[in-house]
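Asks: Structure incoming, see below.
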Amino acid sequence: MSKYLLRRLLGATVVMWAVATLVFFMLRAVPGDPFLAMVFDTGDPAAADEMRRAFGLDDPVYVQYFKYLLQVIQGNLGTSIYGSRVPVSTIIAESFPRTISLTVLAFTIAVTIAIPAGLISALYKYSALDHGVTFVAFLGLSMPDFWLAILLIITFAAGLGWLPAIGYAPLSSGFGTWLSHLIMPAIAIGTPFAAIIARMVRSSMLEVLKTEYIQVARSKGLMRWYILLQHAFPNALIPVITVMGIALALLMAGAVVVENVFAIKGLGRVLIQGILNRDYPVVQGAILVVSGIFVLSNLVVDVLYAAIDPRIRYE
Amino acid sequence: MSLLSVHDLELGFETPAGHVSAVNGISYTVEPGEIVAIVGESGSGKTVAAQAVLGLIPQPPGEITGGRVEFDGEDLLGFSEQQMRTIRGRRISMVFQEPMTSLNPVLSIGRQMTEAMRLHLGLTREAAEQRAVELLGLVGIADPGRRLRQYPHHLSGGMRQRVMIAIAIACEPVLIIADEPTTALDVTIQAQILALMQDLTRRLGVALVIITHNLGVVARYADRVNVMYAGRIVEQGRADSVYRRPGHPYTIGLLNSVPRLDRPRDVPIEPIPGSPPDPARLPPGCAFAPRCLHAVERCRSEVPPSISFEGGHTARCWQTAVTRPETAP
Ligand SMILES: Nc1ncnc2c1ncn2[C@@H]1O[C@H](COP(=O)(O)OP(=O)(O)OP(=O)(O)O)[C@@H](O)[C@H]1O
Ligand SMILES: [Mg+2]
């Protein structure tokens, strides 16, 4: 197992290196010069050259690249090229908890709604309940997250005034306050995934209920709910976990978009501002963190597999 | 009174292609401690007839349209799901055809062995595990303590079927229904498993209904035989009688299609020509008539009645009715 983890971590490092490299060169391939933009008012190109030199951006690109890699390996993500030149790690440390709060909350909401919904529609296949769940699921699937976000704001913030429309409050300011700020964006991004997971649970459960070992369990005289939860559900969960892993990663991407609607200064906000400003170190740092989360969630999925399915053992 | 008696059981399935009559009025009995075989080709309705006894037919698409299933004097078809649960696994247990898929892949062998004992017998976990160890020993599995902690994928097909047998006898049922328990196994393992089932059921005094498509198996292990064709029992009687003096052309065909020890080696094995009828479109007369070499006009229009010979041996065949006139009352 530890050997397996080591191999996986090595793989993860390679993936993240590839991402870092790609982002590095893509950023530089995009036209636009941050320093010229900064000195636009004064119109003094000499000042721009001066700044460029200070950031090492006048070196040939490959030299910049190796310097950057060396920095990252030492755990240094550089500083923003703007204003007071805040270290990138500080910017991320500030914005990351917001994004991850949102992602985790959205995931939790999606899964806690989707699993019972999927189970119910499998158990009462073709009933009104099943059709209802299916209808809501397709509705949820067909709504873009930013649009759902706006709908929620109009209803619950502007209309009913129950929830704050925008902004973020850390968990330290109280669970209720934290939740009241995040619940709408979390529902906005979580809904399509709740729909997908519910459908997956339903079809996977129906598949499992047809198997012979479920017939065997019935022939033993076991209770219906016991068969469903103890015999069928763990088996039905195996294919669903893959989807949940992908969902977690995509939810993070969704969070990055919807943060902007709710004016939450998370990684998404940081990333978009960074791109608009051509703030290379900030964009590179933020993307590195996001890809790190992707890789990690993949690893967690594989470990979960082994926990549920005894046939899977990692060497 | 018979332990189990099935009367004119009829059941079918609603499918997109129409109504499938899987079982068309079968009757048989099982006495306490007896081994009864149900023999027939694939698709003759053996499995669904057995599942109906335990109320395991999925409804819909299945529907039991007639008949009675009396077990220990009670009509099981009238039982509620809750009442059936007190029968299943406790008084009647079942061994399935496919040992590779009968065990739940994510639950340990121990868990799958003990759950029914804890439920039906009210044993504590320790007591149930203790008994599971004994049961594994009884079905010939070495190192039972270790096996209990393993998962199905650690076990071979033969061992899994032994585990299934151990589960089947765990709550000391009075009847075990084994649905082709050895079809999926290697030939050498088949004989071992059958011998084990025979030995255990005899020793524990449990009645056994053994479903098979191999009439050769029957001769060795069963007391009585029911031959099924297209959802009907076409011949029944004591195993030796059916084996020595088969009354129905289908039974004769089945006997000629399996290797036999009591015949010269050079007698060729002949499969029955043709294939069983589509249960969605059964012919009006004897369902075997289209494949039967002796069929006459009457066979194609009227379902033959049950003709009795010596010793309670019966067959449903117009021709046999002529060549072997009734001897029994
Ligand atoms: N769930 C179902 N839906 C529709 N038809 C079914 C269903 N289950 C069984 N049948 C039909 O009932 C008939 C009898 O099937 P059954 O499984 O009892 O045959 P069998 O004698 O056990 O055959 P085998 O030797 O292959 O196990 C078949 O024609 C089959 O197509
Ligand atoms: Mg069968």
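Asks: Could you tell me how many of the residues in segment B:280-303 are surrounded by 21 or more Cβ atoms within 10 Å (Cβ to Cβ) and part of a loop (DSSP other than H, G, I, E, B)?
Replies: Counting residues in segment B:280-303 that are surrounded by 21 or more Cβ atoms within 10 Å (Cβ to Cβ) and part of a loop (DSSP other than H, G, I, E, B) gives 4.
Asks: How many residues does segment B:304-318 contain that are touching a residue at least 40 places away in the same chain (Cβ under 8 Å) and assigned to a loop (DSSP other than H, G, I, E, B)? Break it down stepwise before answering.
Replies: Going residue by residue through segment B:304-318, those that are touching a residue at least 40 places away in the same chain (Cβ under 8 Å) are B:307, B:309-317.
Retained after the next criterion (residues that are assigned to a loop (DSSP other than H, G, I, E, B)): B:309, B:313, B:316-317.
Residues flagged as touching a residue at least 40 places away in the same chain (Cβ under 8 Å) and assigned to a loop (DSSP other than H, G, I, E, B) within segment B:304-318 amount to 4.
Asks: Give, as residue ranges, the helices (runs of 4 or more DSSP H) completely inside segment A:79-183 that count at least 2 residues that are aromatic (F, W, Y) and under 23 Å from the mean Cα position of the chain (by Cα).
Replies: Working: elements: A:88-123, A:128-141, A:145-152.
Per the criteria, A:88-123, A:145-152.
Asks: Give the number of residues within segment B:54-69 that are open to solvent by 40 Å² or more (accessible area, probe 1.4 Å) and near ligand 1 (Cβ under 8 Å from one of its atoms).
Replies: Count: 2.
Asks: Filter segment B:28-42 for residues that are more than 11 Å from ligand 1 (Cβ to nearest atom) and surrounded by 16 or more Cβ atoms within 10 Å (Cβ to Cβ); which is farthest from B:Q236 (Cα to Cα)? Steps first, answer last, please.
Replies: Initial filter on segment B:28-42 (more than 11 Å from ligand 1 (Cβ to nearest atom)): B:28-37.
Pick out the ones that are also surrounded by 16 or more Cβ atoms within 10 Å (Cβ to Cβ) and you get B:28-30, B:33-37.
Values: B:Y28: 8, B:T29: 10, B:V30: 12, B:G33: 18, B:E34: 15, B:I35: 13, B:V36: 10, B:A37: 10 Å.
Here the residue is B:G33.
Asks: Follow-up question, since we're still on this one. Pairs please, first residue from segment B:40-69 and touching a residue at least 24 places away in the same chain (Cβ under 8 Å) and in a loop (DSSP other than H, G, I, E, B), second anywhere and among the charged types (D, E, K, R) and within 13 Å of ligand 2 (Cβ to nearest atom), Cβ atoms under 7 Å, 6+ apart in sequence or on different chains.
Replies: B:G40/B:K46
Asks: From the set of residues in segment A:243-290 that are of a type in the set (D, E, K, R) and assigned to a helix (DSSP H, G or I), which is most open to solvent (accessible area, probe 1.4 Å)?
Replies: A:R269
Asks: Next question, about the same structure. Do we have B:M84 as within 16 Å of ligand 2 (Cβ to nearest atom), of a type outside the set (K, R) and under 21 Å from the mean Cα position of the chain (by Cα) here?
Replies: Spelling it out, it is not the case that B:M84 is within 16 Å of ligand 2 (Cβ to nearest atom), of a type outside the set (K, R) and under 21 Å from the mean Cα position of the chain (by Cα).
Asks: Within segment B:164-190, which residues are within 11 Å of another protein chain (Cβ to nearest Cβ), assigned to a helix (DSSP H, G or I), open to solvent by less than 10 Å² (accessible area, probe 1.4 Å) and away from ligand 2 (no atom under 16 Å from the Cβ)?
Replies: B:A168, B:A170
Asks: What's the total number of residues in segment B:211-227 that are at pLDDT 80 or above and open to solvent by 10 Å² or more (accessible area, probe 1.4 Å)?
Replies: 7
Asks: Kindly establish whether A:R218 is open to solvent by 40 Å² or more (accessible area, probe 1.4 Å), over 27 Å from B:M100 (Cα atoms) and in the same structural domain as A:I150 (by TED's automatic domain parsing).
Replies: In short, no.
Asks: Give me a count of the residues in segment B:191-215 that are within 16 Å of ligand 1 (Cβ to nearest atom) and outside any helix (DSSP H, G or I).
Replies: 6
Asks: If you scan segment B:15-72, which residues turn out to be within 14 Å of ligand 2 (Cβ to nearest atom), among the hydroxyl-bearing types (S, T, Y) and more than 17 Å from A:S219 (Cα to Cα)?
Replies: Hits for segment B:15-72 are B:S42, B:S44.
Asks: Moving on to the next point. Going through B:G122, B:G78, B:G73 one at a time, which residue ends up being in contact (Cβ under 8 Å) with a residue 60 or more places away in the chain, more than 11 Å from chain A (Cβ to nearest Cβ) and more than 21 Å from B:D179 (Cα to Cα)?
Replies: The unique qualifying residue is B:G73.
Asks: Identify, from the list B:Q51, B:Q82, the residue that is among the polar types (S, T, N, Q), more than 9 Å from ligand 1 (Cβ to nearest atom) and open to solvent by 10 Å² or more (accessible area, probe 1.4 Å).
Replies: B:Q82
Asks: Here's something else I'd like to know. Can you spot a residue in segment B:103-111 that is facing chain A (nearest Cβ under 8 Å) and either out of contact with any Pro (no Cβ under 9 Å at 6 or more places or on another chain) or of a type in the set (K, R) (or both)?
Replies: Going residue by residue through segment B:103-111, those that are facing chain A (nearest Cβ under 8 Å) are B:103-108.
Cutting the leftovers down to either out of contact with any Pro (no Cβ under 9 Å at 6 or more places or on another chain) or of a type in the set (K, R) (or both) gives us none.
There is no residue in segment B:103-111 that is facing chain A (nearest Cβ under 8 Å) and either out of contact with any Pro (no Cβ under 9 Å at 6 or more places or on another chain) or of a type in the set (K, R) (or both).
Asks: Scan segment B:111-136 for residues that are open to solvent by less than 50 Å² (accessible area, probe 1.4 Å) and under 27 Å from the mean Cα position of the chain (by Cα) and jot them down.
Replies: B:Q112, B:M113, B:T114, B:E115, B:A116, B:M117, B:H120, B:A132, B:L135, B:L136
Asks: Here is a check on your reading of the model: is A:I109 at pLDDT 85 or above, within 30 Å of B:P60 (Cβ to Cβ), in the same structural domain as A:A198 (by TED's automatic domain parsing) and open to solvent by less than 60 Å² (accessible area, probe 1.4 Å)?
Replies: no
Asks: What is the number of the single condition among (1) assigned to a strand (DSSP E or B); (2) open to solvent by less than 50 Å² (accessible area, probe 1.4 Å); (3) more than 16 Å from ligand 2 (Cβ to nearest atom) that B:H7 does not meet?
Replies: It fails just one condition, (2).
Asks: Check off (1) within 16 Å of ligand 1 (Cβ to nearest atom); (2) in contact (Cβ under 8 Å) with a residue 60 or more places away in the chain for B:L138 and give me the number that stays unchecked.
Replies: (1)
Asks: Please go through segment B:87-107 and pick out each residue that is among the hydroxyl-bearing types (S, T, Y) and within 16 Å of ligand 1 (Cβ to nearest atom).
Replies: Across segment B:87-107, the qualifying residues are B:T101, B:S102.
Asks: Kindly provide the set of residues from segment B:88-102 that are among the aliphatic types (A, V, I, L, M) and either open to solvent by 70 Å² or more (accessible area, probe 1.4 Å) or more than 7 Å from chain A (Cβ to nearest Cβ) (or both), ordered by number.
Replies: B:I92, B:V95, B:M100 - these are the residues of segment B:88-102 that are among the aliphatic types (A, V, I, L, M) and either open to solvent by 70 Å² or more (accessible area, probe 1.4 Å) or more than 7 Å from chain A (Cβ to nearest Cβ) (or both).
The values are calculated or read from the model by the stated rules, or taken from the named source; none is laboratory data. What you are looking at is a predicted structure, and each value in this text was computed from that prediction instead of being measured. Cβ coordinates were reconstructed from backbone atoms using ideal geometry, including for glycine residues, and neighbour counts include every protein chain displayed. Only protein heavy atoms, including side chains, enter the accessible area calculation; ligands, DNA and RNA are left aside. Shrake-Rupley method; radii C 1.70, N 1.55, O 1.52, S 1.80 Å.
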